[in-house]
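K.L.:
For reference, the structure I am asking about is given below.
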């Protein structure tokens with residue numbers, strides 16, 4: 001006889017419901033978020049218990065603790081569990097029972113449980129990306145301040161190399177200078193933190209053959225290679241290269257009904273980090289690789305209008321994702337024939 005548990009996870013407390021194979025509720029109790037207390041609550045039903053956990057921002061500790069205790073853990077897919085939040089009657093007790101019932105009926109939408117061993121390294125890569133975005137925002141702040149003062153003879157790249165003395169000479173008002181000085185101080189701090197994270201990431205990936213192979217792709221360097229490798233995780237979880245490209249948000253959705261077709265649905269379903277990585281790689285490859293540039297020009301000519309640039313960039317990003325999939329899955333080297341044909 002097996003038991004089925006649903007855990008509605010919150011920041012400080014969790015609602016735990018346990019059902020038997022007949023669907024009878026045996027336990028439905030709120031408990032503090034301590035793994036020893038939750039395991040004690042589930043102990044009478046171990047080791048034949050299957051646990052469904054709601055995927056929230058803080059699922060790491062709970063899933064890791066349950067797996068270490070030998071529980072059969074299933075992490076819920078947030079998008080496909082949206083029916084919980086749309087229910088007419090929604091309470092923690094009901095949500096926990098619903099999770100257990102879906103698991104009992106073998107109808108539980110599962111998300112990927114990222115391996116515990118490499119999860120901290122992936123979080124380092126994500127944090128580096130956030131810091132890069134924050135630094136770009138500070139550079140943009142300096143440019144906006146120069147424009148407000150009527151100073152137009154600067155570009156996006158030149159604004160990054162302007163010294164404090166040059167800014168003081170251009171911005172003469174005593175109340176404007178401190179703002180720019182603070183922006184420059186934040187840029188220096190962000191640069192130091194980015195370099196620190198990059199050193200830790202590169203040291204961890206130094207002996208990783210898959211990482212080195214990914215870096216042979218056009219437009220993929222140290223930073224983007226790390227994002228692609230760590231955000232992809234175990235590539236065998238994808239049934240095909242097209243499934244992987246869809247997960248990377250590189251395949252547009254489609255809604256068809258009664259002969260009417262609408263494209264572009266579900267653009268934000270998938271991994272935003274991989275979408276950004278392949279888009280940046282495509283943009284960089286267009287600038288540096290002649291064959292990619294030729295393909296880009298042909299795609300633009302094929303799609304005249306305002307959508308030419310994003311369509312062409314997305315197609316190249318899609319091709320890079322397919323190449324990365326086979327590099328990771330089959331352990332092969334990159335061959336440009338696979339990307340461009342003969």
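The values are calculated or read from the model by the stated rules, or taken from the named source; none is laboratory data. Predicted model only: the values in this text are computed from it and were never measured. Positions of Cβ are generated from backbone atoms using ideal geometry, with glycine treated the same way; all protein chains shown enter the neighbour counts.
K.L.:
Report whether or not residue 107 is touching a helix residue (DSSP H, G or I) at 6+ places or on another chain (Cβ under 9 Å) and within 30 Å of residue 20 (Cβ to Cβ).
P.N.:
It is true that residue 107 is touching a helix residue (DSSP H, G or I) at 6+ places or on another chain (Cβ under 9 Å) and within 30 Å of residue 20 (Cβ to Cβ).
K.L.:
Would you confirm, using the coordinates I've provided, whether residue 227 is surrounded by 11 or more Cβ atoms within 10 Å (Cβ to Cβ) and not in a helix (DSSP H, G or I)?
P.N.:
No, not satisfied.
K.L.:
Follow-up question, since we're still on this one. Tally time: how many residues in the stretch 61-77 are assigned to a loop (DSSP other than H, G, I, E, B) and in contact with a helix residue (DSSP H, G or I) (Cβ under 9 Å, 6 or more places away or on another chain)?
P.N.:
Qualifying residue count, the stretch 61-77: 2.
K.L.:
Hey, another quick one. Among 129, 199, 150, 141, which is on the phi > 0 side of the Ramachandran plot and not assigned by TED's automatic domain parsing to the domain that holds residue 64?
P.N.:
When all the criteria are applied, what remains is 150.
K.L.:
Could you tell me which of the residues 190, 167, 121 is surrounded by fewer than 18 Cβ atoms within 10 Å (Cβ to Cβ), in contact (Cβ under 8 Å) with a residue 12 or more places away in the chain and over 30 Å from residue 30 (Cα atoms)?
P.N.:
Just a single option satisfies the conditions, and that option is 121.
K.L.:
Moving to a separate point now. For residue 243, are the conditions met, namely being closer than 30 Å to residue 146 by Cβ, without any contact (Cβ under 8 Å) to a residue 24 or more places away in the chain and not in a strand (DSSP E or B)?
P.N.:
Working: closer than 30 Å to residue 146 by Cβ: no; without any contact (Cβ under 8 Å) to a residue 24 or more places away in the chain: yes; not in a strand (DSSP E or B): yes.
Considered against the rule, which asks whether it is closer than 30 Å to residue 146 by Cβ, without any contact (Cβ under 8 Å) to a residue 24 or more places away in the chain and not in a strand (DSSP E or B), residue 243 comes out as no.
K.L.:
For residue 113, all conditions in the list (1) under 30 Å from residue 23 (Cβ atoms); (2) surrounded by fewer than 13 Cβ atoms within 10 Å (Cβ to Cβ) hold save one; what is the number of the exception?
P.N.:
The single condition residue 113 does not satisfy is (2).
K.L.:
Out of curiosity, is residue 36 farther than 26 Å from residue 226 by Cβ, assigned to a helix (DSSP H, G or I) and free of Cβ contacts under 8 Å to residues at least 24 places away in the same chain?
P.N.:
Considered against the rule, which asks whether it is farther than 26 Å from residue 226 by Cβ, assigned to a helix (DSSP H, G or I) and free of Cβ contacts under 8 Å to residues at least 24 places away in the same chain, residue 36 comes out as yes.
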